[in-house]
Amino acid sequence: MDSPQSHGTFSDEFKRETWKHTLLFSFQSLGVIYGQISTAPLYVLGTIPANDLKSDETVYELFSFIFWTMTIISLLKYAFIVLKADDDGEGGTFALYSLLCRHAKVGLLPIDTSANEVMQYEVRSSFKVNVKSRAWRAIAKHKSSHYFILFLALFGSCMTIGEGVLTPALSVLSASSGIQRSLSYMSHKYFSSQRKQESISNALERYVPVPTACAILVCLFMLQHYGTHKIGFMFAPIIIIWLLFIGGVGIYNIFYWNKQIIHAILPVYLYRFVRNTDISSWRSLGSIILCVAGSEAIFADLGHFSKKSIKIAFVCLIYPVLISCYAGQSAYMSKNLHVEDFNNLTESVPRSIRHFFSVLSLFASVVGSQATITASFSIINQCLALNCFPRAKVIHTSDKIHGQVYIPDVNWLLMILSLTVTIGFHDIVRIGNATGSAVISGMLITTFLMSLVIALYWEKNFFLSACFLIFFGFVETMYLSACMLNFHKGAWYLVVLLALSLTLMLAWHYGTVKKYEYDLQNKVSTEWLTELGPGLGVSRIPGIGFIYTDIVTGIPAFFSHFIANLPAFHQVLIFVSFKSLAEPHVPPSRRYLIGRVGPKDYRIYRCIVRHGYCDHIRDTDDFEEEIIRSIGEFISMEESDFESLTSPEGRMIVVGKPLPGQNALIPLDDTDSTVGSASLANNDSQISPLDKIGVPVKKKVRFMLPQNCPQMRVSVRDELQELIDARESGTAYFLGQSHLIVREGSNFLKRFLIKTYIFCDKNCRQPPVALNIPHAALVEVGMVYTI
């Protein structure tokens, strides 16, 4: 069977995609997705030590490896198979993991540990496994397999982030070295003294590559805030010129130097390499794998473009041009083994256009770094939504394509780490070794998760899934073994990056889960709140109180702690919970689940905001208005037979954006609030004192009741009017301020993870900022969590 169809407005937009849009997306993808793989010729053969290239036969064998590696991994695996495993238009390691969470029940995230029927409610007809295979039953039964799959997803995400650090340093430093060689060549024309030439060359080699690379890297990361759309249009022309140039030079070199290089695509050359290999030659495969660096970004950046546009760009342009380029470079190398730096791409370019090539390669290297930076943003955005990364600000740079995001904090962190690599190593061979290890490790993770998707989501037989795993896993394991031989020559830095990023993700996920479990164990029943009244000294004050909590039933412990110390709460209470689902997008029409807490006259509501891992809802300016509008729709729909479910607290209704003309509450901008309305006539005395004295306050939308709505019941109208009056009286936001304490006797690992979580929680983006809560209306209640 084909892969199940996607849902949502994002996918629907791509289903209606015309050829005009396809070509436009293909053009943009050149500057965003394909920059890394297109600029790989700058360093693939150049990172192989010249001593390992002993003869023209060795060059033939290495080119054969390049050809078959690009054909098997980039073309067959990614372009034709993995791209089909999108999650509603999203790609990457976490997209595969979310598919398994939904269809193989392997989730370990907080949303999955909640075993109540509220969050199990699915509006759309979800995909179900018709016949539960032996593998499905084994994975669902053993909890250890769930932890292992989550670990793999986080490991793969860390590899993508590692590429985002290493690839910019590698590609830009490679191009800067080409500039240095061009300047050295020019200096030889003006100075005849051999000693003077060597002195200038040494000075250029020392002071040009690294400072130039650092300056370019700073400029590159400063451009990221413009977003994928603008960057794609800026960078795509550069990549097109670059591809045409290296493709043309490659074809020229084939015919000028060695036409026989075409025969090297025969698999017999692979056999000869393996038969005659030794440790030094096998180690060179760690550089060859860089020819497919950027293939993982093809899948990870899927949310920025469409599958059709990505595949067309690769098959019709990228693949044939790169094969021509590598063939041409190999043809030159096979006849010039005696030339200094003969394995550098710059040397294979005719001298008459070499200076132009050096400048062009510098621009292309900047573009080449974009793919991994964009992929890092996409992966971290998914980790954020699934509580596997500390809170950070996410800026959506496109209103039409949800996957196009920019994360400022991550951007500057990547820049600092990339500069550190460039200055610390200042050697493309060492950086190339680390990059190759990151590339192949990420590919292995994708292969394993993809084999599970084939068996459990696509419902293919186990044999086909095993064939996929064994075939691609064997090829990639072979390259991984070659990369491990270079561990002491730069690849160790990847292990340091992996340890830091994986520890950060695991600690944040562990701390989040433990906090959630504590909240579940210490929540108070709803009866406790509804039984409070004036007889117990508890009073209701005008206004609306928003209580943000992770639990979807019961009263959070921090709010009961607040009531016990200050016996008063607002006339309207709304418990708001954000719940991320293991899918990329939740349509606005299905986003809100609204219900009551206690009897109707208590005016206490619960709002569960369901969102996908690529949705952008938390820090929007109109979020409060959306909640109040949804409460109003719930009040008007409650008596009708609308689609609903029964939760432990009663009936809950799915509420989305109302159709025009069907609003229970009509929004009015405060500049239009002078419009005569009976529903607002009594609110003049409730205007904020800050407004009267001229203190600037945040603008907010005001509401009124529809004028002509005879079918609306009196009780419904009264409750809606009370909601409007409460909004006009003011709003307060209640948040729990958690202080985690490790229980006495806990082991070292638990203490370390919790301490790391506490450190991240104190130094990352704070919840009031992430929720866009005004500071003056915020009430934080401290709670000690003993974990």
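A compact table of results
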quantity	calculated
The range 475-499: number of residues that are assigned to a helix (DSSP H, G or I), among the small types (Gly, Ala, Ser) and farther than 11 Å from Ile440 by Cβ	1
Matching residues, the range 582-604, being surrounded by fewer than 22 Cβ atoms within 10 Å (Cβ to Cβ) and not in a loop (DSSP other than H, G, I, E, B)	Pro588, Ser589, Arg590, Arg596, Lys600, Asp601, Tyr602
Close pairs (8 angstrom Cβ cut-off, 6 or more residues apart or separate chains): more than 21 Å from Val339 (Cβ to Cβ) in the range 163-184, charged (D, E, K, R) and at pLDDT 75 or above anywhere	Glu163/Glu296
Residue match in the range 245-259 (condition: exposed (fewer than 13 other Cβ atoms within 10 Å of the Cβ) and closer than 27 Å to Ser38 by Cβ)	yes
Failed item, numbered, when Leu413 is tested on (1) more than 14 Å from the chain's Cα centre (by Cα); (2) without any contact (Cβ under 8 Å) to a residue 40 or more places away in the chain; (3) open to solvent by less than 50 Å² (accessible area, probe 1.4 Å); (4) within 30 Å of Lys515 (Cα to Cα)	(3)
Residues of the range 385-433 that turn out to be at pLDDT 85 or above, over 17 Å from Ala375 (Cβ atoms) and aliphatic (A, V, I, L, M), as a count	5
Given (1) over 21 Å from Pro41 (Cα atoms); (2) in contact (Cβ under 8 Å) with a residue 12 or more places away in the chain; (3) open to solvent by 50 Å² or more (accessible area, probe 1.4 Å); (4) not aliphatic (A, V, I, L, M), index of the condition His396 fails	(3)
Any hit, the range 525-537, residues being surrounded by 19 or more Cβ atoms within 10 Å (Cβ to Cβ) and part of a helix (DSSP H, G or I)	yes
Residue match in the range 749-765 (condition: surrounded by 13 or more Cβ atoms within 10 Å (Cβ to Cβ), modelled with pLDDT under 85 and not in a strand (DSSP E or B))	yes
Helices (runs of 4 or more DSSP H) fully within the range 262-363 counting 2 or more residues that are touching a Ser or Thr at 6+ places or on another chain (Cβ under 6 Å) and modelled with pLDDT of 85 or more	268-275, 307-313, 319-335
Any hit, the range 26-44, residues being modelled with pLDDT under 80, more than 18 Å from Ala175 (Cβ to Cβ) and either among the basic types (Lys, Arg) or open to solvent by 20 Å² or more (accessible area, probe 1.4 Å) (or both)	yes
Members of the range 470-513 found to be open to solvent by 50 Å² or more (accessible area, probe 1.4 Å) and of a type in the set (D, E, K, R), listed by number	Lys489
Gly368 being under 26 Å from Asn433 (Cβ atoms) and open to solvent by less than 10 Å² (accessible area, probe 1.4 Å)	yes
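Per-residue answers, yes or no, for (1) of a type in the set (Ser, Thr, Tyr); (2) out of contact with any Ser or Thr (no Cβ under 7 Å at 6 or more places or on another chain); (3) at pLDDT below 90:
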| site | (1), (2), (3) |
| --- | --- |
| Phe463 | no, yes, yes |
| Phe472 | no, no, no |
| Val475 | no, yes, no |
| Lys515 | no, no, yes |
| Leu520 | no, yes, yes |
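The values are calculated or read from the model by the stated rules, or taken from the named source; none is laboratory data. Just so it is clear, the model here is predicted, and its values are computed rather than measured. Cβ sites come from the backbone with ideal geometry, for glycine too, and all protein chains shown count toward neighbours. We work out accessible area using only protein heavy atoms, side chains counted, and drop any ligands, DNA or RNA first. Shrake-Rupley method; radii C 1.70, N 1.55, O 1.52, S 1.80 Å.
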